[in-house]
1. For segment 208-231, name all the residues that are of a type in the set (Asp, Glu), more than 16 Å from ligand 2 (Cβ to nearest atom) and within 15 Å of the chain's Cα centre (by Cα).
2. Please work out if Asp167 is within 25 Å of Arg49 (Cα to Cα), near ligand 1 (Cβ under 7 Å from one of its atoms), of a type in the set (D, E, K, R) and at pLDDT 95 or above.
3. Within segment 280-291, which residues are assigned to a helix (DSSP H, G or I) and surrounded by 15 or more Cβ atoms within 10 Å (Cβ to Cβ)?
4. Does Val54 satisfy the condition of being within 16 Å of ligand 2 (Cβ to nearest atom), part of a helix (DSSP H, G or I) and within 22 Å of the chain's Cα centre (by Cα)?
5. Tally time: how many residues in segment 253-268 are touching a residue at least 60 places away in the same chain (Cβ under 8 Å) and either under 18 Å from Arg344 (Cα atoms) or away from ligand 2 (no atom under 11 Å from the Cβ) (or both)?
6. Output the residues belonging to segment 249-286 that are under 19 Å from the mean Cα position of the chain (by Cα) and of a type in the set (Ser, Thr, Tyr).
7. Of all residues in segment 181-196 being closer than 24 Å to Gly47 by Cα and within 11 Å of ligand 1 (Cβ to nearest atom), which is surrounded by the most Cβ atoms within 10 Å (Cβ to Cβ)?
8. For segment 86-112, enumerate the residues that are within 16 Å of ligand 2 (Cβ to nearest atom) and in contact with a Lys or Arg (Cβ under 8 Å, 6 or more places away or on another chain).
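The values are calculated or read from the model by the stated rules, or taken from the named source; none is laboratory data. All values reported here derive from a predicted model rather than from experimental measurement. Cβ: placed from backbone, ideal geometry, glycine included. Neighbour counts: every protein chain shown.
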Amino acid sequence: MRTVKVPLGERSYSIVIGRRVADRLGRACVKLGFAPRCAVITDSQVGPRHSPRVLESLRRAGFDPILLTIPAGEPSKNLGQVEALYLALAQHQLERRSFVVALGGGVVGDVAGFVAGTYLRGIGLVQLPTTLLAQVDSSVGGKTGVNLPAGKNLVGVFHQPRLVLCDLATLDTLPEREFRAGVAEVIKYGIIRDAAFFTQIETDLERLLGREEAALGAFVARSCEIKAEVVARDETESGLRAILNFGHTIGHALEAISNYEQYLHGEAIAIGQVAAARLSARLAGLPEADVERIRTLFDRAGLPTEVRLAPEQKKKLLKAMQLDKKASGGRVKFVLAEAIGRVRWGVPVPEKAVLEALAA
Ligand code: NAD
Ligand code: GLY
């Protein structure tokens, strides 16, 4: 078992990583001083598989949980779902010292986090992420929110969890494609912050893809350490935190123009990161050999690295990039790598260069 701290003053918390750490949930919540009434928010895929243990741990520690299940998938990230959850919390009489457990992937984490961050102007939140992506990224750092018809993640609030439990056993049931999508975020941490970690992924990729426990624990922990360090320096993304979006400007736009149906998030940002690496070679001094190392690693992980777009789709992609909420004053800024392990952010990039980088 490993513990990573997220140092944020009085809002500091621990990320506990290991097999069956979910069984510690009840006792940990007693230590956090929560009131007995609580809600476990999950989705229709995760709930049947993993909620019994979670509910049992809470009940054994004296809590009175209600189980709330949303349909699995991105369409559940909406305000209608949020309102239904608020009503259920009110019916179960949750109070200021009550708490919500988010049991699921990034969708559940974002919705449950937003509900916890806004119900009674904010109640306790424990993240229990069950996808690799959620364990290494979305459960840590306090970004929560939902989508509007006009775009993704347009409504949200920063609400840090009080605890994150990354139970590696929950990943046993995660479909292969979802697991590989999470690997895209793990690789991202090597590129943006830690060259030695990137090399370690190159060496141990097969062990990670084979979900070998020791490798998995080490990769999740190092990813969380990097995210924790960045979030601790810039909690609300006034600068440095933008580096976590390496490859995301193009990735988000690809997701948007394919109506969130063709690519998983991790797949879209794999293409986006390879394109960002190519742009980095042109504009930030990344050696061509490192572009190839990056492309090869995504390829070995079974992730897409290129996309060929028809002229009409190219126009849509550029427009979607302008609409991304990271754009400012209509200008799209990129995170580019100067070397593997070192990036700069806020770099303007000509549109023509973006299109050339997508399919070199
Ligand atoms: P997801 O939550 O949709 O989960 C993917 C699928 O796997 C779902 O069908 C889910 O039911 C299923 N699943 C989850 N855990 C499982 C398990 N252990 N066993 C079997 N099935 C399981 O997707 P995701 O990739 O985890 O998260 C994507 C979401 O996260 C997006 O909405 C994205 O915007 C958000 N996100 C948020 C942040 C943040 O900082 N808040 C960061 C990155 C991504
Ligand atoms: N996933 C990007 C962030 O947390 O800032």
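1. From segment 208-231, those of a type in the set (Asp, Glu) are 212-213, 225, 229; that's our starting set.
If we keep only those that are more than 16 Å from ligand 2 (Cβ to nearest atom) as well, we get 212-213.
Residues satisfying the conditions do not exist here.
2. Working: within 25 Å of Arg49 (Cα to Cα): yes; near ligand 1 (Cβ under 7 Å from one of its atoms): no; of a type in the set (D, E, K, R): yes; at pLDDT 95 or above: yes.
So Asp167 fails the test.
3. Within segment 280-291, the subset assigned to a helix (DSSP H, G or I) is 280-283, 288-291.
Ser280, Ala281, Arg282, Leu283, Asp290, Val291 - these are the residues of segment 280-291 that are assigned to a helix (DSSP H, G or I) and surrounded by 15 or more Cβ atoms within 10 Å (Cβ to Cβ).
4. Working: within 16 Å of ligand 2 (Cβ to nearest atom): no; part of a helix (DSSP H, G or I): yes; within 22 Å of the chain's Cα centre (by Cα): yes.
Taking the combined requirement at face value, the residue does not satisfy it.
5. Filtering segment 253-268 for residues touching a residue at least 60 places away in the same chain (Cβ under 8 Å) gives 253-257, 260, 264-267.
With either under 18 Å from Arg344 (Cα atoms) or away from ligand 2 (no atom under 11 Å from the Cβ) (or both) added as a condition, the list becomes 253-257, 260, 264, 266-267.
Residues in segment 253-268 being touching a residue at least 60 places away in the same chain (Cβ under 8 Å) and either under 18 Å from Arg344 (Cα atoms) or away from ligand 2 (no atom under 11 Å from the Cβ) (or both): 9 in total.
6. Thr249, Tyr260, Tyr263
7. Only one residue fits best here, namely Gly182.
8. Listed by number, the residues that qualify are Val107, Asp110, Val111.
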